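The values are calculated or read from the model by the stated rules, or taken from the named source; none is laboratory data. Because the structure is predicted, anything quoted here is derived from the model rather than measured. Quick reminder, even Gly has a Cβ in these numbers, built from the backbone with ideal geometry, and neighbours come from all protein chains shown. With ligands, DNA and RNA removed, areas are computed over all heavy atoms of the protein, side chains included. Shrake-Rupley method; radii C 1.70, N 1.55, O 1.52, S 1.80 Å.
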Amino acid sequence: MASEQALFRSLRELSIVVIHPEDEDGRTLRDHLKRIGCRTRLVWPSPRQLPEDTDVVFFLLTGASESGPAWLDPPTRAVPIAILAYENPVMLEALSEANAYGIVTKPVRPFGILANLFLARSLFKYQERLHSRITKLDETLKGRRAIERATKLLSDRYKVSEDEAYGMIRREAMRKQLSVTSMAEAVVTTESFYSAPKQDI
């Protein structure tokens, strides 16, 4: 609950770009976001790149290929929220390709904009945390594999147990002020170098 309240308060600090013609819908969305307290810019046509400080982008789906703009390609810092004028198979396909975290329908009405912004931002932050955890788990798994391989290599070379081989890696890592994983990777790399056929070196 506390994190959600902090997230809600942080909405006022957001820098938002609205990619939409400056008509009644565009002005309604821009003005309401400003009333919430967000720093908001109305931009048209769609830019090639977003300003570096953009936190959220509301963008009009046109039915054309929405995978073109670089700011829609993950990973992106800006949370994408689509503005949908009508529904048909082409628009729904474009919506799917855009990887939007929220939808504002036309004609634009102030009701629901804040909820959309809050939910999209929450989902985006949650996904960021998941990606971070997956990256750390991948790194941990890669490190364990390197340690297992290095332990086996040293065990076979020096005819010692794998526990003793791991102790060798650990002591050398401490002596060189490296992590055990880094030391294991160095062992594997060195072994691969010396065991490679001469014509491959």
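Structure above, values below:
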quantity: Listed peptides 147-158, 167-178 by packing density, highest first (mean Cβ within 10 Å); calculated: 147-158, 167-178
quantity: Distance in nm between pseudo-label sites at residue 22 and residue 99 (7 Å out along the Cβ direction from Cα); calculated: 3.2
quantity: Length-normalised contact order for the chain - Cα pairs under 8 Å, 6+ apart - percent; calculated: 14
quantity: Percent of Cα pairs exceeding the 13 Å cut-off, where the set is segment 129-169; calculated: 54
quantity: Which listed pairs, of 125/176; 106/136; 136/176, have C-alpha distances above 32 Å, in listed order; calculated: 125/176; 106/136
quantity: Rounded Å value of the spacing that divides the Cα centres of segment 82-117 and segment 132-157; calculated: 44
quantity: Estimated [θ] at 222 nm from DSSP helical runs (n ≥ 4, -39500 (n - 2.57)) normalised by residues in the chain, nearest 500; calculated: -18000 deg cm²/dmol
quantity: Cα→Cβ-extended label distance, 7 Å offset, between residue 191 and residue 149, nm; calculated: 0.9
quantity: Carbon + sulfur, % of accessible area of segment 67-181 - ligands and nucleic acids excluded, 1.4 Å; calculated: 56
quantity: Label-point gap, in nm, between residue 86 and residue 109 - each point 7 angstrom along Cα→Cβ; calculated: 2.0
quantity: Answer label, with Cα Rg over 2.2 N^0.38 Å calculated from the coordinates and candidates (i) 0.95; (ii) 1.57; (iii) 1.11; calculated: (ii)
quantity: Per-pair calculated FRET efficiency, R0 = 22 Å: residue 31 and residue 10 via Cβ, rounded to 0.05; calculated: 0.60
quantity: Computed E for residue 133/residue 182 - FRET, C-beta separation, R0 30 angstrom, nearest 0.05; calculated: 0.85
quantity: Karplus 3J(HN,Hα) series, Hz, for segment 137-144 with 6.51 cos²θ - 1.76 cosθ + 1.60 (x for Gly, Pro); calculated: 5, 4, 5, 5, 5, 4, x, 5
